[in-house]
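The values are calculated or read from the model by the stated rules, or taken from the named source; none is laboratory data. Just so it is clear, the model here is predicted, and its values are computed rather than measured. Cβ coordinates were reconstructed from backbone atoms using ideal geometry, including for glycine residues, and neighbour counts include every protein chain displayed. Please note that ligands, DNA and RNA were not included when accessible areas were found on the heavy atoms of the full protein model with its side chains. Shrake-Rupley method; radii C 1.70, N 1.55, O 1.52, S 1.80 Å.
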Amino acid sequence: MDFKSEVALLLSNATGLTRDAVYSAIEIPPQRELGDYAFPCFLLSKTLRKAPPVIAQELSVDPALTAVWIEKVQAAGGYVNIYIDHGQFSKVILTDLLLKGEDFGKTDEGAGKTVIIEFSSPNIAKPFHVGHAFTTVLGHSLSRIYETLGYKVVRMNHLGDYGTQFGKLITAFRLWGDETALRETPIKELLRIYVKFHEEEKIHPELTQDARDNFKRLEYGAEEETALWSAFRELSLKEFAIIYDRLGVQFDNYNGESFYSDRIPAVVDMLTSKGILIDSEGAKVVMLDEYKAPPCIILKSDGTTIYASRDIASVLYRWETYHYYKNIYVVGSPQALHFKQVFSVLDKAGYECAKDCVHVGFGLVKFADMKFSTREGNIVVLDDLLNESIAKTYEIIKANALARNTEISEEEIKDISVRVGIGSVIYTYVKSGRERDITFSWEEMLDFEGDTAAYLIYTYARTRSILRKAAEQGISSAAAGEDCLLLLSSEDEYDVARLICDFPDAIKKAQNSNEPFMVARQTSQIARAFNRFYNNSSILSGTDELQKRARLGLCEAVCTVISIGTNLLGISVVERM
Ligand code: ARG
């Protein structure tokens, strides 16, 4: 139950304002002493021709503002403050959660709507770097968030598998390529010959022309060149698949840039027939002055297509194929202008579907206390970051297990290290607003007490272990609707219940603003509130059986919410730690 909306209903009955109007006016008082919800009465002073404090006074004794879960209603200046009965609140919220279980927070508001989420989109034959990981983690989480709200999600990976560099790779491979190396470590081998090509090109300029010819042949679909390109693509994809597997990510579709290159003549015809494709120094462009953007090149002077033309073709393809509700691009903020141009060209051409294209940008990735051997152009490869994170986590878990003398097998320690190690990297990407640059720091990201994946996973494991211990002692946790849940009325318990109550709303807000961090923040606040409660009160000791069962119910609820939250972020949990 959404208490705020219940409060809005009562206030709407009392005031005659619509429920929505009341809902958006309700404030959460900054101090607990001022109640749980506050309604600003100045909203009514004009219509009622009364001063706000007078209205507040009248509302505070209005019989319409009564319910079992309302403890008291008080006027304070121009506000009427509403105090919720904490025990009732806990009972209602936990009952809802315990009934729904893992479905808590799910809605069907997106039913019948298809959302395309394009994310990851690495470049064939190039290393998968930490920037690609940013889009991958965000896109993966957004996909799950949309799905939880009932949308049908199509996960698209717009591979960078087209362009003149493939002509170079073909030339290079014929001269210096190593078949075995290509099969074993494709990206490493392709990168090696690509770098070599650029070195050799300086001494043998004729290589440039050879590469150009190869690219031409590739464009016309010549058999040998196409076979090589296709092998580079397949082998790179195999390597990416390992990364996606580590992150638990899947795609519905790998239509990369090459897929759309065939569709560009149709785009050119369309833009020509609309009269907006003009000649500019031999190139064909669409002017975008009215959108305050530079012209978008569609065809270069040599007739070849560019990145933007392929993206224009891709929007049209996606619209025709999926009739999307939203077409989302999770791509770094430096490409904001590119997307503005692409969407503007389509808008200028009169396509309504351009309005539902969204660029979801994100910041840069930096490193505080880490050293990596960078491969090309100062790139940090995701695999290195993950491996190091797992290794460091292993040391911590191992040391902990030794110190606490816990009986935990080597195999389990390894499994935990993988989940926590990878989860820590994922969490760093989603813990703050996506537009902000992020800084990886081991000290911060592996702090088990900090705002980290380790903290969330640790709290989850703690709830699991409490529930296991209770089961061993034959104590069952409170079931949905049981009156013992009314006992959860202390400040600490109420804090947890209140944060759980806001969890579904956090998912909606995350979807609305395409910001997974809102789910991360809510989940971590719940974990923190639970630990505060746990540190101040015991769950299983004492003699009050009903209280034990009520607190176990709270523990189970927190366990479920952390499981849902981490799952929405793409982080996996462990049963014990
Ligand atoms: N492959 C590009 C890169 O690595 C990102 C592609 C983004 N998606 C798109 N539809 N343009 O920078």
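Before moving on, here are some points about what is shown:
- Rounded to 5, percent antiparallel among DSSP beta bridges of segment 212-367: 65
- Whole-number accessible area per residue in Å² for the chain, which is evaluated in the context of all protein chains at 1.4 Å: 44
- 5 angstrom amide H check on L299, placed H, neighbours 5+ away: K284
- Of the solvent-accessible surface of segment 147-246, computed with a 1.4 Å probe over protein heavy atoms with every protein chain present, carbon and sulfur atoms account for 52 percent.
- Contact order normalised by residue count of segment 1-84, Cα under 8 Å, 6+ apart, percent: 27
- Cα-based helix-to-principal-axis angle, 3-15 vs the chain, degrees rounded to 10: 60
- From phi via Karplus (6.51, -1.76, 1.60), per-residue ³J(HN,Hα) for segment 522-530 in Hz, x at Gly/Pro: 5, 5, 6, 5, 5, 4, 5, 5, 5
- Couplings 3J(HN,Hα) of segment 252-260, computed from phi: 8, 7, 10, 5, x, 4, 4, 4, 8 Hz, in residue order, whole Hz [Karplus 6.51 cos²θ - 1.76 cosθ + 1.60, θ = phi - 60°; x for Gly and Pro].
- M577 exposes around 40 Å² of accessible area when a 1.4 Å probe is run over every protein chain in place.
- Links that overshoot a 20 Å alpha carbon limit, given the list K366/K431; K431/K508; K431/K469; K196/K371; K274/K326; K113/K508: K431/K469; K196/K371; K274/K326
- Here's how it looks for H129: its modeled amide H is under 5 Å from those of L382, which are all 5 or more places away or on a different chain.
- Counting DSSP beta bridges with both ends in the chain, the antiparallel % (nearest 5): 50
- Pair D269, D505: separation of 7 Å Cα→Cβ label points (nm): 5.3
- Furthest towards positive pole of dipole, H323, F232, F134, structure part the chain, Cβ charges: H323
- Magnitude of the charge dipole, segment 1-139, Cβ model with Lys/Arg +1 and Asp/Glu -1, debye to 20: 340
- Scoring 568-576, 270-278 by mean Cβ neighbours within 10 Å over their residues and listing the highest first yields 568-576, 270-278.
- The length gained on full extension between E27 and D302, counted as 0.36 nm times the residue separation minus their Cα-Cα distance, comes to 92.9 nm.
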